[in-house]
Amino acid sequence: MGPRKPARPQPAAKLPARGQITVVAEGTVAAALRTAFPGYSWAQVRRLCTTGKIAVGGEVRLDPALPLRVGTEVDWDMNRADPGRAAMPDFKIVFEDSQLIIVDKPQGISSVPYDRHETNTALDHIRKIWRAQGRQATAQPLFTVHRIDKDTSGLLCFAKTKLAERGMHRIFKNHLADRMYFAVAHGEVTPGRIESNILADRGDGIRGTNRRSTEGQRSVTHVFLQERLRGATLCKIRLETGRTHQIRIHLSERGHPLVGETVYIRDLRRAGGREIPSRRLLLHAATLGFEHPVSGQRLFFESPLPQDFAEALSALRVGG
C-alpha cells in the first residue's frame, strides 16, 4: 500500500454578502478575519481587504496588517467597489528603484496621514498602484523624508530603506536638494530673498513670524518674477529651507498671499484687498533634484503644471 496522499484543502465556505464580527483577540485585520473565517486562507482574507470589502469601525480599510484592539467591530460587504479598479486621481510614480520612490501628487491628497483614519494620502496611492501591479503592497516600508501640503501639487520623495531615509534627511537638512515651485500670488510681487524665523503660532493661532525674531525656525525663500498677471504675479520660488507652509507664510507676510489661499489670507481680507477666487491653491512643486543618497547618481525631475493650475493661470493672463 503506497503512502497516503495529503488531503486537499477544502474550499472556503461562501460568506454572506454582508456581515459583521467583533474582534476577540488583539492582532491584525487579517488575523481577525482568519479567526472568524477558518476556511479562508491568508491570501483570501488579505484580498478581502485590498479589494475594499472590509470596514473597521465603519470605515473601509485596505491594509490587512492594520492592528486591531479587542472589541473592535469589523464588517464586510461583498458589493463594495474595488478601489484598485476605480479611476485614480492623476497620481504618478515618476521614479522608483530599490532605495527611493518619487511621485507626482495632485492637490487634495496629503503626503502622509495626519491621523490614523486618513486614507487618501500619497502613501495609500503608492500602495494602490503596487497592488494593481500584483506586488505585496504592505511588505515594502516607506519612510517620509519631506512633505508638501495637501493643497499643493507636485513632486514628493519617499525612502524605501533606512539607509536611504538617513541619506535623504541629510540632503534636506543641509539644503542640498534643488526644489523649485511655481506660485501665483496676489498683487505685484517684488522678486528677492525672504528670510524670517517661522513660529508654530505667531500669536493669533496660525503659523508665521512675530517681532521676536530670535524665536522659531530660520526660513529662507528666494522669489523670482516669472510673469505679471491681472491682479497677481506668477513667481518661481526656490526653497533654501523647507519649513511647513514656508512659501505661503513668506509671501502672505509680504502682502501677497497665494491665490486660492484659505489660511494665510486674513491680513488681505482685513485690509479690504481684492481676493481672487480659485478652486485650488496655486502652488506647484515643479522640480526636485539631488544626488542619490546611496549610488551618488545625480537625479533631477520635472512636473508640468496640472490642468487645473494651467487653466487658472490662463484666466489671469491679460486678455485671458
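Couple of notes before you dig in:
- Across segment 92-167, the mean sequence separation of Cα contacts (distance under 8 Å, 6 or more residues apart), normalised by length, yields a relative contact order of 39 percent.
- Taking only the alpha carbons of the chain, we obtain Rg and Dmax values of 24.2, 96 Å in that order.
- Ellipsoid semi-axes in whole angstrom, largest first, where each is sqrt(5λ) of the Cα gyration tensor of segment 177-316: 25, 22, 12
- Relative compactness, segment 92-167, computed as alpha-carbon Rg over 2.2 N^0.38 Å: 1.03
- When the chain is treated as a GNM with alpha-carbon contacts under 10 Å, the residue of TRP42, TRP130, TRP76 showing the greatest mean-square fluctuation is TRP42.
- When the chain is treated as a GNM with alpha-carbon contacts under 10 Å, the residue of MET180, MET78, MET168 showing the greatest mean-square fluctuation is MET78.
- Overall, segment 18-77 carries a charge dipole of about 200 debye about its Cα centre when +1 sits on the Cβ of Lys and Arg and -1 on the Cβ of Asp and Glu, all other atoms neutral.
- Taken along its principal axes, the alpha carbon cloud of segment 18-77 reaches lengths of 23, 22, 20 Å, longest axis first.
- Helical contribution to [θ] at 222 nm, DSSP H n ≥ 4, -39,500 (n - 2.57), averaged over the chain, rounded to 500: -5500 deg cm²/dmol
- Kirkwood Rh, angstrom, segment 84-234 [1 / mean 1/r, Cα pairs]: 18.0
- Once the GluC sites (Glu not before Pro) in DSSP loops with at most 16 neighbouring Cβ atoms within 10 Å are cut out of the chain, the longest remaining piece is 27-117.
- Cα-based Lys proximity count in segment 92-167, under 18 Å, for pairs eight or more positions apart or on separate chains: 8
- Computed extension length for GLU215-ALA139: 23.2 nm, one decimal, from 0.36 nm per residue of separation with the Cα-Cα distance subtracted.
- Cα long-axis angle, helix 162-173 against the chain (0 to 90 degrees, to the nearest 10): 10
- Inverse mean reciprocal Cα-Cα distance (Kirkwood Rh) of segment 212-273, Å: 12.8
- On full extension, the segment bounded by LEU305 and THR161 gains 48.8 nm, given 0.36 nm per residue less the C-alpha separation.
- Nearest-ten-degree value, helix 307-316 long axis tilted from longest Cα axis of the chain: 20
Bear in mind that the values in this text are calculations on the coordinates, not laboratory data. Bear in mind that the values here come from a model prediction, so they are computed numbers and not experimental data. Note that we place each Cβ from the backbone using ideal geometry, even for glycine, and neighbour counts take in every protein chain shown.
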